[in-house]
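Notes follow once the structure below has been shown.
The values are calculated or read from the model by the stated rules, or taken from the named source; none is laboratory data. Since we're looking at a predicted model, the values are computed, not measured. Heads up, the Cβs are rebuilt from the backbone with ideal geometry, glycines too, and the neighbour counts pull from every protein chain shown.
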């Protein structure tokens, strides 16, 4: 499978994503500069974490106008897989590929810590190897992760099947005390109704090897690979 990692000025998790996909999981990976007008025939696009354009105005607000984002939108609208991580989540919101918006964390401080997230859906390309209710331990590192849903609120997102991950206890309890940033409904990750565009604030690329405290992040990338392989087999 071939992955594309988009690089914006200020991205700082692009190399992490590239490393995990290529060196850990053995996939073909291309960097895609933000000014390019081609996605190089990839099967999945990754929008990595960082501070695109220095997060001027607000996180993701300028990156949405990058030339490459027009191609990402075309790719997503045609059914291509797109995963936004942290800043990538913010960019997908700003570009309109996912619903809602981000505010600064409830405590108005940058948060960098491990969190637990419970899987709400196991039938998407990004979670198909997980089980619904499974708890993953993955680190976060952000200043603006306080997710605000669109009109219709959290209930509307749930009805459309858009809630992917929620902050939880190690046992999967979703309650305010386990919410690190004030995100509505403890939401840590969402997807579109079609299920081919997803985003999450936790960083799966930072916990995909045994040397880390957890390898739970590997499951996200492995799910995408398994989905693409399955789709390729069905098409052949």
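Just checking, which of 79, 84, 88 is within 21 Å of residue 194 (Cβ to Cβ) and assigned to a strand (DSSP E or B)? Just a single option satisfies the conditions, and that option is 84. Checking the stretch 200-217 against the condition returns no match, with no residue being at positive phi and touching a residue at least 24 places away in the same chain (Cβ under 8 Å).
Residue check: residue 113 meets all listed conditions (1) surrounded by 15 or more Cβ atoms within 10 Å (Cβ to Cβ); (2) touching a residue at least 60 places away in the same chain (Cβ under 8 Å); (3) not in a loop (DSSP other than H, G, I, E, B) but one, namely (1).
Could you check, for the stretch 3-25, whether at least one of its residues is over 17 Å from the mean Cα position of the chain (by Cα), assigned to a loop (DSSP other than H, G, I, E, B) and either surrounded by 18 or more Cβ atoms within 10 Å (Cβ to Cβ) or free of Cβ contacts under 8 Å to residues at least 24 places away in the same chain (or both)?
No, every residue in the stretch 3-25 fails to be over 17 Å from the mean Cα position of the chain (by Cα), assigned to a loop (DSSP other than H, G, I, E, B) and either surrounded by 18 or more Cβ atoms within 10 Å (Cβ to Cβ) or free of Cβ contacts under 8 Å to residues at least 24 places away in the same chain (or both).
Just one of (1) under 30 Å from residue 43 (Cα atoms); (2) out of contact with any helix residue (DSSP H, G or I) (no Cβ under 6 Å at 6 or more places or on another chain); (3) part of a loop (DSSP other than H, G, I, E, B) fails for residue 136. It is (3). Quick one: is residue 131 at pLDDT below 95 and not in a helix (DSSP H, G or I)? In short, no. Just one of (1) over 14 Å from residue 123 (Cα atoms); (2) surrounded by fewer than 15 Cβ atoms within 10 Å (Cβ to Cβ); (3) out of contact with any strand residue (DSSP E or B) (no Cβ under 8 Å at 6 or more places or on another chain) fails for residue 230. It is (1).
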